[in-house]
Amino acid sequence: MIEVVENEDENVVDNEDDEEVSGSLEQDSSSNNSVNNEEELEDDGNRENEQDKSMMLLKNRFHSNSTTQKQQKVGETCENIKGNSIPVVVHEQSLRKGVVTGAEASIQGGRAGRLSSKFGVELKENEDSVDKLVCELELMIQYAQSKPALRQGSASFLRDHLRTLLIVSSNNAQRLIDQTDSKFGAVQLLSSHSHNAYDSNALPHEVLDLIFSKLDGNSLATCRQVSKSWKEFASCHKLWKSLCLKHWRALQYDSNLWPIIYRSDTNSSNENSINLLKESYNHERWIRIYPLIKGFPSWKIRLQKTGRFICNLIAHQISGRSLTSYGLPETLVVERRFNILHLENFILPEASVLYYEPESESDRNGFEEFIQYLTNRTRAGLALDDQRRFIFIPPCEYSKTHLGYSGNALLGVIQVAFPPLLA
């Protein structure tokens, strides 16, 4: 490749021009000195003076050529560059600085011929192709390999060219994307940092309902913060009601359970707000109560009398000392019963209080029969393990006055087994 480097202009000429210019230099020069070759690298001062004269002659000759001759020479230069047959002139001064200006000019000059011959008409339409970028890199590597003198200097010119190549390639890619979007009327993204880039209203309502019905409470609460439309869908009381009933089915039919749950929250101690949220027409109550019931621990147990199965229960702790360290046994056997009038005498204030409900509908009959059995006999049931007492309390005055529950469900108390039982 031919590359002529000067401080103000860079011109590419072919082998024939170089020979003619060299002849002119020999005739006009007052001395018999000839133009030194690139590899000889003689005295810097003499060579630079002769090169300055050569540049002046090259300029005059190049600008005097006709347009047809210039086009013909550029074509020949591109073909020669393709075959890597033309040498490149590089200033020693540029080598010392680590910046080879001629390399960039040569690559730019050879790009048109080489890429055009390889890709033809598609070159202009596919400026972001892999082949084009690979070809650019190959040209740079071939140029560096053809100059042994460059290997002794700094690689800064390679880094500079790579940076420039990446910037140009990125700009071409973005321009092609913009052109494609404009051509097909695509919607442009406002910004990579825009929170409105995705249209949350794009999904049909039926799809949103189906998706939201599969989410848990935390995910559903997050969806409420996406947009106004999502907040409306994610606030549907049916979704939250379904989530609540999965944890505590008695909320569906036991209205007296709601005040107990809300009293456990210090922020909901106002009795008027508790009664308001208890009303069935207030759909927002399901959203408000969900985070509360998630905080109540629960266990599944098997309830039996001596020698007879009663039902499967779910026990929810609603107050008192935490049971999470010990939990509940898998099976409780009611071995004894005592009069409910004695509950006040030995139930401790810090005892753990439980709310029982049947595990499934198939357990409801046995559950209700057990409550009826205790109620008819004004008895409380008692089950024991090594260190604890499990007391089953049917609906009674003690539940209303001491436990704050006036419904018809079965409550329970768990405490350490040291107060004496009365006959």
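Things worth noting here:
- In the condition set (1) in a helix (DSSP H, G or I); (2) out of contact with any Asp or Glu (no Cβ under 7 Å at 6 or more places or on another chain), Gln225 is compliant with all but (1).
- Complete set of residues in the range 405-423 that are modelled with pLDDT of 90 or more and not polar (S, T, N, Q): Tyr405, Gly407, Ala409, Leu410, Leu411, Gly412, Val413, Ile414
- Restricting the range 352-367 to residues that are among the small types (Gly, Ala, Ser) and surrounded by fewer than 18 Cβ atoms within 10 Å (Cβ to Cβ), the residue that is nearest to Gln304 (Cα to Cα) is Gly366.
So that you can scan it fast, the table gives a plain yes or no per residue for (1) among the hydrophobic types (A, V, I, L, M, F, W, C); (2) at pLDDT 85 or above:
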{"position": "Ser192", "(1), (2)": "no, no"}
{"position": "Ser213", "(1), (2)": "no, no"}
{"position": "Ala234", "(1), (2)": "yes, no"}
{"position": "Lys238", "(1), (2)": "no, yes"}
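- Filtered by the rule that a residue be modelled with pLDDT of 85 or more and over 14 Å from Trp286 (Cβ atoms), the range 251-268 gives Tyr253, Asp254, Asn256, Pro259, Ile260.
- Residues of the range 228-243 that are in a helix (DSSP H, G or I) and of a type in the set (Ser, Thr, Tyr): Ser229, Ser242.
- Selection from the range 329-350 of residues that are at pLDDT 90 or above and under 26 Å from Ser264 (Cα atoms): Pro329, Ile340, Leu343
- The set of residues from the range 137-180 being of a type in the set (S, T, N, Q) and either farther than 24 Å from Glu127 by Cα or not in a helix (DSSP H, G or I) (or both) comprises Gln145, Ser146, Gln152, Ser154, Ser156.
- Residue tally, condition closer than 19 Å to Leu410 by Cα and crowded, with 20+ Cβ neighbours inside 10 Å, over the range 232-250: 1
- Those residues of the range 207-231 which are within 15 Å of Trp286 (Cβ to Cβ), of a type outside the set (S, T, N, Q) and loosely packed, with under 14 Cβ neighbours inside 10 Å, in sequence order: Asp216
- Pairs where the first residue, in the range 327-346, is in contact (Cβ under 8 Å) with a residue 12 or more places away in the chain and the second is polar (S, T, N, Q) and loosely packed, with under 14 Cβ neighbours inside 10 Å, C-beta under 7 Å, 6+ apart: Val333/Thr306; Glu335/Thr306; Asn339/Thr378; Ile340/Thr378
The values are calculated or read from the model by the stated rules, or taken from the named source; none is laboratory data. This structure is a prediction, so every number in the text was calculated from the model and none was measured. Backbone-built Cβ (ideal geometry, glycine too); neighbour counts: all protein chains shown.
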